[in-house]
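Working notes, beginning with the structure itself.
Bear in mind that the values in this text are calculations on the coordinates, not laboratory data. Quick caveat, the model's predicted, so the values are computed rather than measured. Here the Cβ is made from the backbone with ideal geometry for all residues, glycine too, and neighbour counts use every protein chain on show.
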Amino acid sequence: MGCGMSTEDKEGKARNEEIENQLKRDKLMQRNEIKMLLLGAGESGKSTILKQMKLIHEGSYSRDERESFKEIIFSNTVQSMRVILEAMESLELPLDDQRAEYHVHTIFMQPAQIEGDSLPPEVGSAIEALWKDAGVQECFKRSREYQLNDSARYYFDSIGRIAAPDYLPNDQDVLRSRVKTTGITETTFIIGDLTYRMFDVGGQRSERKKWIHCFENVTTILFLVAISEYDQLLFEDETVNRMQEALTLFDSICNSRWFINTSIILFLNKIDRFKEKLPVSPMKNYFPDYEGALSPLCFCRSPLSNFVY
């Protein structure tokens, strides 16, 4: 009898070789894969970082993608003005020009979600007129006392362009748009031979319990802190300072058993807004122990020291 392999044996060997080859490919892929988790308290800018990564590594947004952001930008702009007008009532700040009450009514008549390809002309006119009002400006200066979108000033200053019938969002418009992150969003970038899998998760307290699903085999954590929020309170708990919340969260991440072998990168975000705030909102009012010089760099180093172990 011959000692050649049967057809069944050959098929079995071929299957084994295919499995071994697949395991080798998977191992090589894992070696070239970086799994990065974006963490931080709510409003720290995690989603914005992902948008910037897309612009840098995938090029500019397509026309269809830009179009898809229009309603978000319209809604952000109108809701920001509504928030200011509501704050004026609670802070007892009157309009400088009482004739602008007509515009106030226009804003309050708008739905929470603005739909359509263009912003209604009367809404654009109302925002433009109200933004020029001294009472609205005074309330805006006190925005740390209520919850206002960081992009409010940018959109108000651009309202003429945003309200134009042929408006198409530019890169900055898209980057500054705000949609609350719920759940977990994965974005993949290929840079050279490396594949980056970046996970953006909700930062507000109600979302944090979902982070656990991303923890396994994480290569790096990018922990974002909005340094400009040293004088603001949490959206979900207006008794807690946002910077203090970030410190507490960072401490829990550093001491978590899930991250014993994980690199952690601390990213201080929103420095531009931070520089604007310092002259009018001294950090010592919120961090009494600070004894350094009155400069943005020194102030950055002070909170930073609280994050370093």
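Odds and ends about this structure:
- Spacing of the two label points (7 Å from each Cα toward its C-beta) at T219 and K275, in nm: 3.2 nm
- Taking 0.36 nm per residue of separation and subtracting the Cα-Cα distance, full extension of the segment from I184 to R82 would add 33.8 nm.
- Value of Rg to Rh for region 63-168 (Rh from inverse mean 1/r over Cα pairs, i.e. Kirkwood): 0.96
- Put in line by how crowded their Cβ is, counting other Cβ atoms within 10 Å and starting with the fewest, S143, S252, S125 read S252, S125, S143.
- As a proxy for reagent exposure, D157, D200, D166 were ordered by neighbouring Cβ count within 10 angstrom, fewest first; the result is D166, D157, D200.
- For I34, the residues 5 or more places off, or on other chains, whose built amide H falls under 5 Å of its own are T195, Y196, R197.
- Calculated FRET efficiency for the pair S125/L168, C-beta based, R₀ 22 Å, to 0.05: 0.60
- In terms of surrounding Cβ atoms within a 10 Å radius of their Cβ, S228, S62 rank from fewest to most as S62, S228.
- In Hz, Karplus ³J(HN,Hα) per residue of region 244-255 (6.51, -1.76, 1.60; θ = phi - 60°; x = Gly, Pro): 5, 4, 5, 4, 5, 5, 4, 4, 5, 5, 5, 9
- Length added when fully stretched, D237-N261, from 0.36 nm per residue minus Cα-Cα: 5.4 nm
- Label point distance in nm, L91-K132, each placed 7 Å from Cα along Cα→Cβ: 2.2 nm
- Over 27 Å (Cα to Cα) - which of K54/K141; K51/K132; K46/K70; K51/K284 fall in this group: K54/K141; K51/K132; K51/K284
- Packing, as the average of other Cβ atoms within 10 Å across residues, places the peptides 232-244, 35-47, 108-120 in the order 35-47, 232-244, 108-120, highest first.
- The E145 and Q98 beta-carbon pair, evaluated with R₀ = 22 Å, returns a calculated FRET efficiency of approximately 0.40.
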